[in-house]
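Structure first, then comments.
Bear in mind that the values in this text are calculations on the coordinates, not laboratory data. Just so it is clear, the structure is predicted and the values come from calculations on it, not from any experiment. Neighbour counts run over all protein chains shown; Cβ positions are idealised from the backbone, glycine included.
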Amino acid sequence: MDIIKRNTDYALRLMNLMAGFYLNKEAVSARILSNNADVPYPVTCKLLQKLQKNRLVKSVMGPRGGYLLCRDPEQISFLDVIETIQGPVSVNRCFLGNYQCPMKENCALHVKLSRIQNEIVNSFQRCKIADSIPNKNVKLENAV
């Protein structure tokens with residue numbers, strides 16, 4: 001069981017790359033992001049659309065266009081990205097919004113699982129995209 005799905009991992013990689021360009025407000029093309037994050041180009045485009053819809057990134061049109069972060073990487077958590085791409089993090093479906101478990105009132109596991117759920121969510125919330133900005137000296141590989 002993966003807590004972070006493949007597409008979410010890809011989205012975190014894309015956000016990480018864009019974070020390195022945030023201070024200069026440089027937009028990076030989807031093709032360059034795809035090449036450097038090792039994410040298939042069609043998947044990159046779909047993920048960028050989801051991230052844009054959720055106002056984590058914005059697109060810039062024109063010859064120097066591409067994508068850039070909407071906010072400081074210090075203000076974007078891993079949880080923001082995870083929930084944008086795959087929805088709420090849940091160790092068990094009993095923690096998803098409107099699921100009604102018949103055992104909820106008498107479940108011996110609920111208290112322990114609830115603590116684990118909170119620890120996971122809080123950890124993802126504390127991890128910021130800025131925590132893993134790539135080395136500033138690394139040059140992105142141009143699109144082929």
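Once you compute Rg and the Kirkwood Rh from C-alpha atoms, what is the Rg to Rh ratio for the stretch 1-83?
Working: Rg = 11.8 Å, Rh = 12.6 Å.
Rg/Rh: 0.94.
Kindly state, to the nearest 0.05, the FRET efficiency for Arg55 paired with Glu26, given R0 = 30 Å and r defined as their beta-carbon distance. Working shown, then result.
On the way: r = 19 Å, r/R0 = 0.64.
Step by step, r from the Cβ atoms, then E = 0.95.
P(r) of the chain in 5 Å steps, Cα pairs, percent per bin?
2, 9, 18, 20, 17, 11, 8, 6, 5, 3, 2, 0, 0
Just subtract the alpha-carbon distance of Ala130 and Lys112 from 0.36 nm times their residue separation and send over the number in nm, one decimal.
Working: separation 18, 0.36 × 18 = 6.48 nm, distance 3.14 nm.
Result for the pair: 3.3 nm of gain on full extension.
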